[in-house]
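Pasting in a structure now, in structure tokens, and then I'll have a few things to ask.
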Amino acid sequence: MSESKAVKERALELLRSGLDFVDTHCHIDGEEYEDDRAAMLERARAAGISALITMGTDLETSRRAASLAAHETMVYAAAGYHPEGIDHVPADDELQAIAALTKEEKVIAIGEIGLDYYWEKDEAVRRIQREAFIRQLRLARELDLPVCIHDREAHGNTFELWKREGKGVRGVLHCYSGSVELAREFVKLGCYIGIDGPLTYKNAAKLPEVAAGIDGSRLLLETDSPYLTPVPYRGKRNEPTYVPLIAAKCAEIRGESLEVFAARARANTRELYGI
Ligand SMILES: [Zn+2]
């Protein structure tokens, strides 16, 4: 058997592991899934994904996420204003609209919020991002809900704001891309660390060190679908179905069995999100 065929067969085997997984961060409200959303969810269920959390990025996508959660048993939602493309600090009524969505039973977090300095180079807009982040951390504290944090090339400011404004807030640093040292500092402040498909890439850089080097009780599994598809499906649209592939890589790096690792990741999800 060729190497690539063996890799694909191993992947298919993992998708039939019979273990219980949650995709703690994805975006399934968009047009990427318009034609096959029901079939995609069915595939995920067959791969052991018992639940997924689809993220809002603004009011409209947060409403769509909430509506999907209301109609699909396995879907939960988060609501919030994402830093990418933000052009003003959310006003009180805009924050109240997000708060109102969280009154729905399956809207369980404030997200996706945070800082993105990779796409945003303008210091004035970065200031808006920081203010929006602060206001949503405060909202999460008021509502007693966990937050899902996006941090792209803004590690220093994200850490500083989480330390200052995140007191008493539970949360996860999603799709973590920093160093293991910084991850440990976040963990000390009570943060979970979300691991995605890039862990399976050959150029995963610092990520394997992070997956191996932080306390296992702080790791969460996520796909960030439709982006960041894990190997061997890289290049295609991502979907929650592929969580076991990320889990298997993580377990391998940590020298743990998939069963043990998956059970702990599942327990961590319950701990943070209550699902
Ligand atoms: Zn995301």
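Just so it is clear, none of the values below were taken in a lab; they were calculated from the coordinates. Remember, it's a predicted structure, so these values are computed and weren't measured experimentally. Cβ coordinates were reconstructed from backbone atoms using ideal geometry, including for glycine residues, and neighbour counts include every protein chain displayed.
Taking the chain as a Gaussian network, where each spring joins two C-alpha atoms under 10 Å apart, which residue of Glu84, Glu13, Glu31 fluctuates the most?
Largest GNM mean-square fluctuation: Glu31.
What helices does the chain have that are whole DSSP H segments, at least 27 Å long along their own axis by Cα, and with mean Kyte-Doolittle hydropathy of 0.5 or more?
Details: long enough: 123-143 (30 Å, -0.56).
Sorted by number, there is nothing, because no helix extends far enough and scores high enough.
Give the separation of the Cα centroids, region 228-275 to region 32-61, in Å.
Centre-to-centre distance over Cα atoms comes out at 16 Å.
Can I ask one more? Rounded to the nearest 500, what is the 222 nm mean residue ellipticity of the chain from helices alone, with -39500 (n - 2.57) per DSSP H run of 4+ residues and division by all residues? It would help to have the intermediate numbers written out before the result.
Numbers: 10 runs with 121 residues, N = 275.
That comes out to -13500 deg cm²/dmol.
Between Thr229, Leu219, Ile253, whose Cα lies farthest towards the positive end of the dipole of the chain when Lys and Arg beta carbons carry +1 and Asp and Glu beta carbons carry -1, centred on the Cα centre?
Positive-most Cα among the choices belongs to Ile253.
Using a cut-off of 26 Å between alpha-carbon atoms, which lysines can reach Lys5, once sequence neighbours fewer than 8 places away in the same chain are excluded?
Lys202, Lys236, Lys249
Set Lys and Arg Cβ to +1 and Asp and Glu Cβ to -1, take the dipole of the chain about its Cα centre, and tell me which of Ala51, Tyr81, Ala6 lies farthest positive.
Ranked along the dipole, the leading option is Ala6.
Rounded to the nearest 0.05, what FRET efficiency do Glu131 and Arg45 have when you use their Cβ-Cβ distance and R0 = 51 Å? Kindly include the intermediate steps, with their values, before the conclusion.
Details: r = 40 Å, r/R0 = 0.79.
In this case the efficiency is close to 0.80.
Something else: Once you keep just the Cα pairs under 8 angstrom separated by 6 or more residues, what percentage relative contact order results for region 10-159? Before the final figure, lay out each step's value.
Values: 264 pairs, mean separation 28.7, N = 150.
Dividing the mean separation by the residue count of region 10-159 yields 19 percent.
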